[in-house]
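Take a look at the structure below.
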Amino acid sequence: MAFCDVEKRREKELGDGVLTKTFWGEHMLVSLVEIEPYSEVPAHKHPHEQAGIVMDGEFEMWIGSKRKILRRGDCFIVPPGIEHRVKTSESGCKVADIFSPVREEYKY
């Protein structure tokens, strides 16, 4: 995928109220995630390093034992193997996540 058309890419449902559009190369994957208001990404962990930036809205995020409200322009880094989760309120959010290595289950 040298060039990507975000508008034409179909969405993949990751869970109730959580949709993504993904794009990948050999060593990393970009996930453009939309989380609806009052939705949650349950606590989970994976062997991938994850970096993200909030593009719109806000959400509450836990990384390990740390908790923070993140808003547009805020960034976060999740080390491999660390449990994390997200919960939205009335605004919902849009987030751009980058995973390395590629999350094979996010390729579609």
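The values are calculated or read from the model by the stated rules, or taken from the named source; none is laboratory data. As the structure is a prediction and not an experimental result, all values here were calculated from the model. Cβ sites come from the backbone with ideal geometry, for glycine too, and all protein chains shown count toward neighbours.
The table below lists the values:
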{"read-out": "Meets criteria (more than 11 Å from the chain's Cα centre (by Cα) and modelled with pLDDT of 95 or more) for residue 23", "value": "yes"}
{"read-out": "For residue 81: the one exception among (1) surrounded by 14 or more Cβ atoms within 10 Å (Cβ to Cβ); (2) in contact with a Lys or Arg (Cβ under 6 Å, 6 or more places away or on another chain)", "value": "(1)"}
{"read-out": "Residue count, segment 1-55 (criterion: without any contact (Cβ under 8 Å) to a residue 24 or more places away in the chain and closer than 21 Å to residue 77 by Cα)", "value": "4"}
{"read-out": "Matching strands (runs of 3 or more DSSP E) fully within segment 1-52 where at least 2 residues are surrounded by fewer than 16 Cβ atoms within 10 Å (Cβ to Cβ)", "value": "12-15, 40-44"}
